[in-house]
Amino acid sequence: MLKIKEYIIEKALFMCALITVLTTAGIILILTVEAFSFFRNVSLYDFFTDPQWTPLYSEKHFGILSLLAGTFLTTVIAIMVALPVGMGIAIYLSEYAPRSFRKIIKPLLELLAAVPTVVYGFFALMVVTPFLQNIIPGVSGFNALSAGIVMGVMIIPFISSMSEDALHAVPKSLREAAYGMGSTRLQTVFRVTIPSASSGITASTILAISRAIGETMIVTIAAGQMPGLTLNPLKPVQTITAYIVQVSSGDVQFGSLEHQSIFAAGISLFALTFILNSVSFWIKKKYRIQYE
Amino acid sequence: MNNARVNRIKDVLFKYFGIVCTLSGLIILAIFILNILIDGVQRIDWSFMSSLPSRFPERAGILTAWTGTFWIFCLTAAIAIPIGVGAGVYLEEYSKKGWLANLLEINIANLAGVPSIIYGILGLEVFVRILGFGASLLAGSLTLALLILPIIIVATREAIRAVPKTIKEASFALGATKWQTISRQVLPASASSIITGIILALSRAVGETAPLIVVGALAYVPFVAKTPMDEFTVLPMQIFNWVSRPQHGFTINAAAAIIVLLCFVFLMIGIAVYIRNRAQKKNPW
Amino acid sequence: MLKESGEMKDRIKGGSYMLESKNVNVFYGDKKVLQDVTLQVPENTVTALIGPSGCGKSTYLRLFNRMNDYIENFRKEGDILIDGKDIYRKDAEIEELRKTVGMVFQKPNPFPKSIYENVAYGLRIQGINNKDVLDEAVEKSIKKAALWDEVKDDLKKNALALSGGQQQRLCIARTLAVEPSIILMDEPASALDPISTAKIESLIYELKQNYTIVVVTHNMHQAGRISDKTGFFYLGELVEFGDTKQIFTNPKNKKTENYISGRFG
């Protein structure tokens, strides 16, 4: 009796774990199948080379490059904000800050990542964009810059927290060796600690990039819905994610080519983030072995 | 000598750079919350909380939105907690090292990084269309449950791993079965950490917008949901809808709704942090 | 009364020894950690297993309640018998085995629960929840473990609030509550102060009346004080086994003699 109960429980728990595999399988299957029907109507060549993305207009073009350009632009801006600030925080907290300060600050910083993204979108549109319009002439009401900056603020904790863990994991003896030879703290940080923690820092940055690429609401609200092959941060752009939202919240018919296009966009997004996440996971795994 | 002095100055300068970075994050957060408070706080009153949506900003309220959020919160919790904790227990206590365990582990790490909007696409196809739940609370909750599953699983595994092996050994040595040991020793000993992880995961689900848009949550729902099969809206959806409108009145409404949403999210995080801190003080290991 | 010296008459139950191992080899992966160990433990005696750390004595002890089963790549050859029955046979119930063979660990490891619940746990998992039965068993076990006078007034107190020595006696009480006939002890006093150690030692002496006890210890004097029989392990082999007195006064093997006289260890 007890044996049977144990057996049933183990199987039930296994089913729970299996659901995660089914989730991944479901995502891949759905995206592939639906994207497949999309690519029966649109050639892969056009998809990757057409400079326009206009599925909702009468003259339809399906060139993913325009959406990728928008995604790329907002992501680069976000990383340009988040990387220096995040690293500055990580280095300060792990090498300079008093312990008690660190204990208070860390959870507060985590709050930045806990704020719902729709709220950040509001902030970008209502506060950051008007501010930018005041200091830079020619900023559109929707623009990549504002969305990118706010997205950067959102991902600061991803970089700071993971990088700080990486810095923290560097053995004390290494630092002491550097101090012993007369280096200042700054020299120790840049010549010893950061190089030793580089794999962890890289992994965290890649994960942050992936997070920025997949972020949806901030760019939907603040960056606009104008796909285009532009790298001008002052103009409206559209990201892959924002496009999926645009189609989903409009009344596009199920099964139409316009509707299928969200799966083509979705599979591109999934592939992109999947590769980045895998690289980050792999680097992290390798680095864990180094120090334990 | 001179060189050493330059180095020391650089060191101090960098320290201040670090402080500025750290504080800038917090200052932005503060500016941002202050801004929203100024915009929205006077709009919050009883009629705002208890009114249905309307095309006139002064008459519009968030009744359907916050009840929808409450529904989503409860349903998502009911779905995600047993599955997430169960999977975490399986992976930590039962699964044997090998290709399957590796696959499960890599898979969960990857799922944690899948953009939330992709979960929306999955939910749309599987729950809304194939299983025929429609754009219902149930479909939305199932989608969000899948989204937060990796967070709960990882939190559960870490919590269980922190329970000393000696406690498990003692239980086994007294003739307890594996499940008896897990249910009577391991889970109670790790409960507070697991609960902290669950609350943080749910706070994420409550703030999500993108997957629900794809699943088909509506911007305009003129009734309060009564069953899990009803159509719904949630606070983030309502905020998104109001943000997208040009009238100033709706902007103020959005700010007010954001205040309500943030109160809810920050309250949950506060509870989670409180539980974690209390457990850390109490824990003998 | 047993004779102080010479061959002690082994008490054997129904024609078989209480604990027995026949030509046992143990491997962790490719690494052989126990080599051809054959040993017999009579009923109601205290057997001490001594030897330098890493010699395999703890591994050997854990064979008797199958605690090694949780170690990855663990593999065993040969037979382990309790009361004449192979405990590694296919249809063996591990949980039943562990109700017969209790274990006390090196570091006191009470559950993070009340004193009462610690002792009642072994019965609760057997489905016994009757309060009167539990109350009685808890009191009896704690008394047997010589802890009753110290804790009787606050059984509801968290066990982790007890001192290390009290915790270890609580762990012994917890083991006794399940009513085993054999108790395995893995260096039960190594983490304790001298006074607590003395209490544990006299407790072991008391318990011998009703239980068969096997104690792993790296403390030779302790082995000399408490045990009837002693086995000396070295590099995974049982070098010598015999009456404690003989091992300590007249070891047959050179290695045993070197170890006893403190030349290595």
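The values are calculated or read from the model by the stated rules, or taken from the named source; none is laboratory data. These figures come from a predicted structure and were not determined experimentally. Please note: Cβ atoms are built from the backbone with ideal geometry, for glycine as well, and neighbour counts cover all protein chains shown. What goes into the accessible areas is simple: the full protein's heavy atoms, side chains included, and nothing from ligands, DNA or RNA. Shrake-Rupley method; radii C 1.70, N 1.55, O 1.52, S 1.80 Å.
Within segment B:115-165, count every residue that is closer than 23 Å to A:Ile209 by Cα and over 16 Å from the mean Cα position of the chain (by Cα). Number satisfying all stated conditions: 3. Of the residues making up segment A:171-188, those that are in contact (Cβ under 8 Å) with a residue 24 or more places away in the chain and at the interface with chain B (Cβ under 8 Å from one of its Cβ atoms) number 1.
A:Ser140 - would you say it is small (Gly, Ala, Ser) and either in a helix (DSSP H, G or I) or in contact (Cβ under 8 Å) with a residue 24 or more places away in the chain (or both)? Spelling it out, A:Ser140 is indeed small (Gly, Ala, Ser) and either in a helix (DSSP H, G or I) or in contact (Cβ under 8 Å) with a residue 24 or more places away in the chain (or both).
For segment A:89-125, a residue qualifies if it is more than 17 Å from the chain's Cα centre (by Cα), facing chain B (nearest Cβ under 7 Å), over 16 Å from B:Phe17 (Cβ atoms) and not aliphatic (A, V, I, L, M), and the qualifying residues are A:Pro107, A:Phe122, A:Phe123. Evaluating A:Asp46 against the criteria (1) in a loop (DSSP other than H, G, I, E, B); (2) more than 26 Å from the chain's Cα centre (by Cα); (3) not polar (S, T, N, Q) leaves one unmet condition, (1).
Just for segment B:198-248: of the residues that are charged (D, E, K, R) and at the interface with another protein chain (Cβ under 9 Å from one of its Cβ atoms), which one is most open to solvent (accessible area, probe 1.4 Å)? Here the residue is B:Arg204. Can you find even one residue in segment A:25-36 that is touching a residue at least 60 places away in the same chain (Cβ under 8 Å), within 30 Å of A:Ser160 (Cβ to Cβ) and within 14 Å of another protein chain (Cβ to nearest Cβ)? Yes; the residues of segment A:25-36 include at least one that is touching a residue at least 60 places away in the same chain (Cβ under 8 Å), within 30 Å of A:Ser160 (Cβ to Cβ) and within 14 Å of another protein chain (Cβ to nearest Cβ).
Among residues of segment C:90-117 being at the interface with another protein chain (Cβ under 9 Å from one of its Cβ atoms) and farther than 23 Å from C:Thr212 by Cα, the one that is surrounded by the most Cβ atoms within 10 Å (Cβ to Cβ) is C:Phe111. Check segment C:123-142 and report whether any residue there is in contact with a strand residue (DSSP E or B) (Cβ under 8 Å, 6 or more places away or on another chain) and in contact (Cβ under 8 Å) with a residue 12 or more places away in the chain. Scanning segment C:123-142 turns up no residue that is in contact with a strand residue (DSSP E or B) (Cβ under 8 Å, 6 or more places away or on another chain) and in contact (Cβ under 8 Å) with a residue 12 or more places away in the chain. Taking the criterion of being hydrophobic (A, V, I, L, M, F, W, C), part of a helix (DSSP H, G or I) and away from chain A (no Cβ under 12 Å), no residue of segment B:1-28 qualifies. Across segment A:102-133, the number of residues qualifying as more than 21 Å from A:Val219 (Cα to Cα), free of Cβ contacts under 8 Å to residues at least 24 places away in the same chain and open to solvent by 30 Å² or more (accessible area, probe 1.4 Å) comes to 5. All of (1) over 30 Å from C:Gly127 (Cα atoms); (2) surrounded by fewer than 19 Cβ atoms within 10 Å (Cβ to Cβ); (3) in contact (Cβ under 8 Å) with a residue 40 or more places away in the chain hold for C:Gly54 with one exception: (3). Identify all residues within segment A:64-101 that are closer than 19 Å to A:Glu258 by Cα and surrounded by fewer than 20 Cβ atoms within 10 Å (Cβ to Cβ); write none if there are none. Scanning segment A:64-101 gives a single hit, A:Leu65. I'd like to check something: does segment C:144-160 contain any residue that is under 20 Å from C:Thr100 (Cα atoms) and more than 10 Å from every other protein chain (Cβ to nearest Cβ)? Yes; the residues of segment C:144-160 include at least one that is under 20 Å from C:Thr100 (Cα atoms) and more than 10 Å from every other protein chain (Cβ to nearest Cβ).
For the residues B:Ile148, B:Ile182, B:Ile195, the requirement of being of a type in the set (Val, Ile, Thr) and open to solvent by 20 Å² or more (accessible area, probe 1.4 Å) singles out B:Ile195. Residues that are open to solvent by less than 20 Å² (accessible area, probe 1.4 Å) and either within 10 Å of chain B (Cβ to nearest Cβ) or of a type in the set (Phe, Trp, Tyr) (or both) within segment A:189-205 comprise just one, A:Val189.
Residues of segment A:72-88 include at least one that is away from chain B (no Cβ under 14 Å) and either more than 30 Å from A:Leu186 (Cα to Cα) or over 19 Å from the mean Cα position of the chain (by Cα) (or both).
Here C:Ile200 clears all of (1) farther than 20 Å from C:Ile50 by Cβ; (2) touching a Pro at 6+ places or on another chain (Cβ under 7 Å); (3) among the β-branched types (Val, Ile, Thr) except the condition numbered (1).
Applying a threshold of 9 Å to beta carbon distances and a minimum spacing of six or more residues, or different chains, the list of pairs starting in segment B:7-23 at a residue that is touching a residue at least 12 places away in the same chain (Cβ under 8 Å) and ending at one that is acidic (Asp, Glu) is empty. Quick test of your reading of the structure: C:Glu117 fulfils all but one of (1) in contact (Cβ under 8 Å) with a residue 60 or more places away in the chain; (2) part of a helix (DSSP H, G or I); (3) out of contact with any strand residue (DSSP E or B) (no Cβ under 7 Å at 6 or more places or on another chain). Name the failing condition by number. Exception for C:Glu117: condition (1).
Looking at this structure, is B:Ala254 open to solvent by less than 20 Å² (accessible area, probe 1.4 Å), facing chain A (nearest Cβ under 7 Å) and out of contact with any strand residue (DSSP E or B) (no Cβ under 7 Å at 6 or more places or on another chain)? Here the answer is yes, as B:Ala254 does meet what is asked.
Of the residues in segment C:129-141, not one is open to solvent by less than 20 Å² (accessible area, probe 1.4 Å), within 24 Å of B:Glu93 (Cβ to Cβ), over 19 Å from the mean Cα position of the chain (by Cα) and among the β-branched types (Val, Ile, Thr). Taken together, the residues in segment A:206-251 that are open to solvent by 40 Å² or more (accessible area, probe 1.4 Å), within 11 Å of another protein chain (Cβ to nearest Cβ) and closer than 25 Å to A:Ile156 by Cβ amount to 3. Note on segment B:29-142: enclosed helices (runs of 4 or more DSSP H) holding 3 or more residues that are surrounded by 19 or more Cβ atoms within 10 Å (Cβ to Cβ) and at pLDDT 90 or above are B:63-89, B:99-113, B:116-123.
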